[in-house]
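Here the structure comes first, spelled out in structure tokens, and everything after it is commentary.
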Amino acid sequence: LIMQRKFKEKIICWMAYSFIGALYLTYRFRWYGLEHDQIARRIHPHAQVAIAIWHRNSIGCMLSHAWRRLAILVSLSFDGEVIAYVARRFGIHSARGSSSRGGGEAFRQLLTHHKEGYDLGLTVDGPRGPRYKVKPGIIAIAARTGMPILPFAAVARREWVLHKAWDHFRIPKPFTEILCVFGEPIPIPRKIESTNFEVYAEMIEQSLMNLEEKIRRTLSGEKNVLPQGPE
């Protein structure tokens with residue numbers, strides 16, 4: 001039974017990669033706000049950043065960073081196993097764990113990846129939500145490493161939305177353009193007071209929601225909402 005289950009899991013992982021890999025070949029990525037990325041990298045001595053995204057944007061954000069020096073936090077669930085497998089095929093490392101399970105080990109893995117020179121990427125409202133509510137993990141990582149938090153969104157012009165999922169997960173449709181937008185970096189002090197976590201969480205939340213709104217307006221046809229791009 002264990003062998004059967006593991007074989008089934010491998011098949012599912014391979015099917016997920018085949019599906020997403022085929023889609024990836026059809027996507028076009030358009031970048032905005034690259035100056036924010038450049039500014040953020042000047043803050044850290046080794047030019048590393050902690051990228052903050054909403055869980056529902058995971059696919060677009062992950063594929064936009066394929067084959068870059070990135071490590072992401074992935075839950076210990078089977079869904080996480082699939083994500084980690086797909087990410088690995090796109091040259092992205094994974095730290096396994098979440099706030100509810102394996103959090104300490106995941107934190108240690110992220111610190112190791114940081115020491116090895118990787119950027120870190122976290123779904124700040126994942127893995128279970130609530131949607132659009134920032135959890136403190138990325139703030140703790142940024143304070144420990146000195147990396148600034150870099151808000152980021154990657155949203156397709158045409159997409160499937162899984163409305164039954166807690167986060168209304170997005171899957172970019174084939175042959176679409178994906179808008180990739182950086183927000184202004186948010187430096188976190190090394191000796192942050194626990195009472196300030198909520199303040200910084202609110203700043204991250206507002207920045208990410210601002211990116212969502214700018215992308216929504218751009219996709220609805222409004223001009224010059226993202227004036228700093230494309231680049």
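Rule-based calculations on the coordinates, nothing more; no lab input. Keep in mind that this is a model prediction, so the values were computed, not measured. Note that we place each Cβ from the backbone using ideal geometry, even for glycine, and neighbour counts take in every protein chain shown.
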- Write down the Kirkwood hydrodynamic radius of region 96-216, to one decimal in angstroms, obtained as one divided by the mean of 1/r over all alpha carbon pairs. 15.7 Å
- LYS164 versus THR112, label points 7 Å from Cα toward the beta carbon: distance in nm? 3.7 nm
- Query: Where the centre of each part is set by its Cα atoms, how far does region 1-67 sit from region 156-171, in angstrom?
  - Reply: 16 Å
- Sparse-neighbourhood loop sites, chymotrypsin sites (Phe, Trp or Tyr not before Pro) in region 156-231 - DSSP loop, at most 14 other Cβ within 10 angstrom: PHE175
- Could you give the longest part of the chain that holds none of the trypsin sites (Lys or Arg not before Pro) found in DSSP loops with at most 16 neighbouring Cβ atoms within 10 Å? 1-67
- How large is the charge dipole for region 72-231, taken about the Cα centre, if only the Cβ atoms of Lys, Arg (+1) and Asp, Glu (-1) carry charge, to the nearest 20 debye? 340 debye
- Task: Would you please name the GluC sites (Glu not before Pro) within region 77-160 that are DSSP coil residues with at most 13 other C-beta atoms within 10 Å of their C-beta?
- Result: GLU116
- Message: Taking the alpha-carbon distance from LYS173 and a cut-off under 15 Å, which aspartates and glutamates remain once sequence neighbours fewer than 8 residues away in the same chain are dropped?
- Response: GLU159
- Unit Cα scatterers, Debye sum, the chain: log10 I(q)/I(0) for q = 0.07, 0.08, 0.13 Å⁻¹: -0.21, -0.28, -0.76
- Query: Where Rh is the Kirkwood radius over the Cα pairs of region 44-156, the temperature 10 °C and the viscosity 1.306 mPa s, what D in µm²/s does Stokes-Einstein return?
  - Reply: 116 µm²/s
